[in-house]
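Please read the structure below before turning to the comments.
The values are calculated or read from the model by the stated rules, or taken from the named source; none is laboratory data. Since the structure is predicted, the reported quantities are computational estimates derived from the model, not experimental observations. Cβ atoms come from the backbone with ideal geometry, glycine included; neighbour counts cover every protein chain shown. The area values use the complete protein model at the heavy-atom level, side chains included, leaving out ligands, DNA and RNA. Shrake-Rupley method; radii C 1.70, N 1.55, O 1.52, S 1.80 Å.
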Amino acid sequence: MTKVITYGTYDFLHEGHIRLLERAKALGDYLIVGVTADDFDMARGKINVRQSLMERVEAIRQTGLADKIIIEEYEGQKIDDIRRYEVDIFTVGSDWVGKFDYLNEFCKVVYLDRTEGISSTEIRSQHQSLRIGLVGETNIVNKFKNECHFVNGIEITGIYASSKGVLDRELQDLASKTEDYVDLLKKCDAVYIASKPSEHYAQVKTALESDVNVLCESPITMTVDQFKELSDLAYERKLVLMDGIKTAYSLAFNRMMLLIKSGIIGEILSVDTTCTSLIDIDEDNPPKHLWNSITAWGPTALLPIFKIFGTDYVQTMRFSKPLKGDDDFDLFTKISFIYDAGVASIKVGQGVKSEGEMVISGTKGYVYVPAPWWKTDYFEVRYENPSENKRYFYQLEGEGIRYEILSFLNMIKGRKSYNRVSPEISRQIIEIVGNKRELQNGSIF
Ligand code: CTP
């Protein structure tokens with residue numbers, strides 16, 4: 001019996017795929033089809049896949065051409081599969097010519113002519129795009145716009161910004177055409193809001209009232225009551241209101257969370273996060289567009305703590321150093337959290353520099369994430385005996401923004417499991433970041 005194996009993503013199974021599978025089958029007596037897992041596609045930079053693994057597998061099953069369907073999950077798996085299933089022929093389309101010659105050592109490699117004029121990419125681009133409007137005037141809006149280009153099915157319709165200073169050329173041109181926020185909303189299915197936090201509430205509310213989905217940089221509002229009102233509004237109107245903390249969407253960060261929840265470092269007793277960026281501030285004339293330290297960094301720094309310990313802490317202790325003459329602007333803040341199960345701390349600042357690392361300590365070992373941990377692509381699990389240490393690396397594209405956009409798109413399609421920041425965490429972030437009362441030196445609450 002001649003065994004043939006072939007691999008692919010098979011997103012929106014099309015004529016080109018079917019013709020390839022038919023010819024692959026004709027090369028032998030038994031056809032194994034490897035379908036790429038979602039995570040594997042993500043890790044190799046193919047993030048646009050629209051159908052879930054289950055949908056893609058089901059489509060292959062329905063062709064009736066595959067005698068066996070397997071899932072491709074890791075780099076180098078092809079060699080394992082060829083050995084395990086005693087495969088005689090490996091085949092793929094001619095777009096891969098040369099790429100798999102190394103498999104000749106294990107079986108025969110055949111490149112079949114690719115069917116002209118059709119691809120999953122083309123089909124994806126024919127699906128209706130999500131029309132997204134941008135709101136805000138900071139550099140993150142430029143990054144967001146650039147990352148949108150990597151996600152199929154997104155069309156940027158305009159930008160509403162109170163000043164155009166830091167926006168790049170393309171956005172400046174777009175901004176000149178959108179002077180009116182309500183007018184922008186009429187042309188959008190969704191908005192990304194990265195304006196000043198004090199403006200979020202009104203902008204999110206207007207968007208939701210216009211039946212527009214919202215992805216908003218954290219904190220979504222400055223008070224918990226406002227957040228509740230907006231969450232209820234989104235729920236009533238069946239719209240998405242998503243908290244924009246990009247770290248929450250990095251693959252490495254999510255893998256790390258799963259690992260520690262599985263007990264790899266034992267019981268967790270302490271989580272410490274540090275996020276700082278030293279910026280030039282004219283103390284006599286502080287620029288109005290700047291976010292203070294706790295607003296700029298607080299949501300990110302708090303995220304792992306609330307994910308690990310939850311939001312039900314017993315007590316907090318806070319030290320803030322305010323800018324001279326502006327009590328609202330903290331140059332530096334450190335907050336300690338006491339839980340029944342352990343302790344945690346965040347250290348954030350724009351007027352202080354420190355090592356931007358994260359350490360999660362447990363009864364069997366600890367997780368160390370080097371600076372800048374919020375752009376996590378690498379972390380280590382360390383033990384008393386260093387020979388047991390383990391290192392983990394997961395490619396991070398576009399600082400996580402790309403995955404965040406993709407999750408937003410999926411949430412709008414009703415796939416709620418893509419949300420990585422629960423409403424409870426969003427609420428508690430607002431509680432901490434919005435608590436002006438605490439913005440005093442060394443207050444204990
Ligand atoms: N294939 C083909 N003819 C096409 C498209 C794909 O023969 N017109 C083959 C590929 O060469 C590969 C298999 O089908 O062997 C699975 O390809 P996949 O990457 O899943 O499909 P594409 O349509 O190429 O996807 P994308 O546009 O996302 O790259």
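Points worth noting:
- Test: residue in the range 376-389 that is hydrophobic (A, V, I, L, M, F, W, C) and either more than 29 Å from Ile279 (Cβ to Cβ) or open to solvent by 40 Å² or more (accessible area, probe 1.4 Å) (or both): yes
- Count - residues of the range 311-350 that are assigned to a loop (DSSP other than H, G, I, E, B), open to solvent by 20 Å² or more (accessible area, probe 1.4 Å) and touching a residue at least 40 places away in the same chain (Cβ under 8 Å): 4
- Looking at Thr115, Thr36, just one residue is touching an Asp or Glu at 6+ places or on another chain (Cβ under 8 Å), farther than 30 Å from Glu147 by Cβ and near the ligand (Cβ under 10 Å from one of its atoms), and that residue is Thr115.
- Scanning the range 30-60 for residues that are open to solvent by 50 Å² or more (accessible area, probe 1.4 Å) and either modelled with pLDDT of 95 or more or not in a helix (DSSP H, G or I) (or both) yields Tyr30, Arg44, Lys46.
- Considering the conditions (1) part of a helix (DSSP H, G or I); (2) open to solvent by 20 Å² or more (accessible area, probe 1.4 Å), Lys238 is excluded by exactly one of them, (1).
- Count of residues meeting criterion [surrounded by 20 or more Cβ atoms within 10 Å (Cβ to Cβ) and over 13 Å from Glu137 (Cβ atoms)] in the range 202-221: 12
- Taking each residue of the range 364-385 that is part of a loop (DSSP other than H, G, I, E, B) and looking for partners that are among the charged types (D, E, K, R) with beta-carbon atoms closer than 6 Å, six or more apart or interchain, yields Gly365/Arg382; Pro370/Glu357; Ala371/Glu355; Ala371/Glu357.
- Members of the range 257-310 that are open to solvent by less than 10 Å² (accessible area, probe 1.4 Å) and among the aliphatic types (A, V, I, L, M): Ile260, Ile265, Val271, Ile294, Ala301, Leu302, Leu303, Ile305
- Residue match in the range 155-162 (condition: within 16 Å of the ligand (Cβ to nearest atom) and modelled with pLDDT under 90): no
- Unmet requirement for Arg131, which otherwise passes all of (1) more than 22 Å from Ile401 (Cα to Cα); (2) in contact with a strand residue (DSSP E or B) (Cβ under 6 Å, 6 or more places away or on another chain); (3) away from the ligand (no atom under 16 Å from the Cβ): (1)
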